[in-house]
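Written below as structure tokens is the structure these notes are about.
The values are calculated or read from the model by the stated rules, or taken from the named source; none is laboratory data. All values derive from a computational prediction rather than experimental measurement. With ligands, DNA and RNA removed, areas are computed over all heavy atoms of the protein, side chains included. Shrake-Rupley method; radii C 1.70, N 1.55, O 1.52, S 1.80 Å.
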Amino acid sequence: AARNLRTSESSGGCECAKMRKVVLITGASSGIGLALCKRLLAEDDELHLCLACRNRNKAEAVRASLLASHPTAEVTIVQVDISNLQSVFRASKELKQRFQRLDCIYLNAGIMPNPQLNIKALFFGLFSRKVIHMFSTAEGLLTQGDKITADGLQEVFETNVFGHFILIRELEPLLCHSDSPSQLIWTSSRNARKSNFSLEDFQHSKGKEPYSSSKYATDLLSVALNRNFNQQGLYSNVVCPGTALTNLTYGILPPFIWTLLMPAILLLRFFANAFTLTPYNGTEALVWLFHQKPESLNPLIKYLSATTGFGRNYIMTQKMDLDEDTAEKFYQKLLELEKHIRVTIQKTDNQVGHSGSCL
């Protein structure tokens, strides 16, 4: 199912009169998002990067650091909490006032709250034929806690899927230009499992693996977005950065444990290419996709960052385990939920406005 792609260098030629490409990155202040900012600017410091971050102070520090390294770049900030729909609506309005178009959105912000490692499954997996697969995908190893947000939604679903969906819906006028295509690039995972997702419980309120479910939902949504928006010049793809040591993985095991495990992991990397280990390596597929013609990419393929045992980065492709009919049904359910949310917010706004006028 998987095949290798050689990483191509971005072409140096550019038209001087060309406007700067505008790239929006959610979750840009740390981990994969931060490494992605650095790599994109290292390849093209004429980009306009817009950092979409929850913590403004962290974002300001990242911006200063990026501009110090790339003084000719343009780096701006929009404050947004993807797990809060009012914040998403507010940020979208701000972006529409600032920009006429967006060339690319990296939908990268995500959470894996309170991950619990299944020690029993890990022990038995070590002595099975599926040991490499287990370490590559973390299948059956991780469960997470989840909670309800202020919007009344499951937190993992809202942060990893629905908040981004609303962001795209709000920014459609900046993304849909048939003359030159725009890209959506989702940070998905090898951990996206069909068995952890159900259309009847797409928020995964009844299960124990909301992260896996949310990443499978991301894959479905990407396929549906292509079906509904390709003709308007908007294309969507999904990537997996592999196992990179970020705040997400440090939530599973503390840093000192990863340090102790490192010799074994480096050995394992000769057999399992998913151990990219550094955020820089993890961005390989994300950067590669940015340089491709979006219309030439296969919407049913997941692009995987991979690293050899000797530390060379490359890209693999993997056909996603999904069908377009389910993707479309899920998309329709998201549209219904969006409609419901908008009505609720409208009612709330009206009540606030009414009580304000009575004072």
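Ligands, DNA and RNA aside, His204 has an accessible area near 20 Å² when probed at 1.4 Å. Ordered by 1.4 Å accessible area with all protein chains kept, Met19, Met262 run largest first as Met19, Met262. Entry for the range 40-90 at q = 0.15, 0.20 Å⁻¹: log10 I(q)/I(0) = -0.44, -0.68, Debye formula applied to identical alpha-carbon scatterers, no solvent contribution. In the range 22-351, the alpha-carbon atoms span a convex hull of 140 Å³ per residue.
Based on protein heavy atoms only, the range 22-351 ends up with 44 Å² per residue of surface accessible to a 1.4 Å probe.
Go through Leu174, Leu253 and list them by solvent-accessible area, largest first, probe radius 1.4 Å.
Leu253, Leu174
At the residue level, Lys93 shows approximately 130 square angstrom of accessible surface with a 1.4 angstrom probe and all protein chains present. Residues Ile257, Ile82, ordered by accessible area of protein heavy atoms at a 1.4 angstrom probe radius and largest first, appear as Ile257, Ile82.
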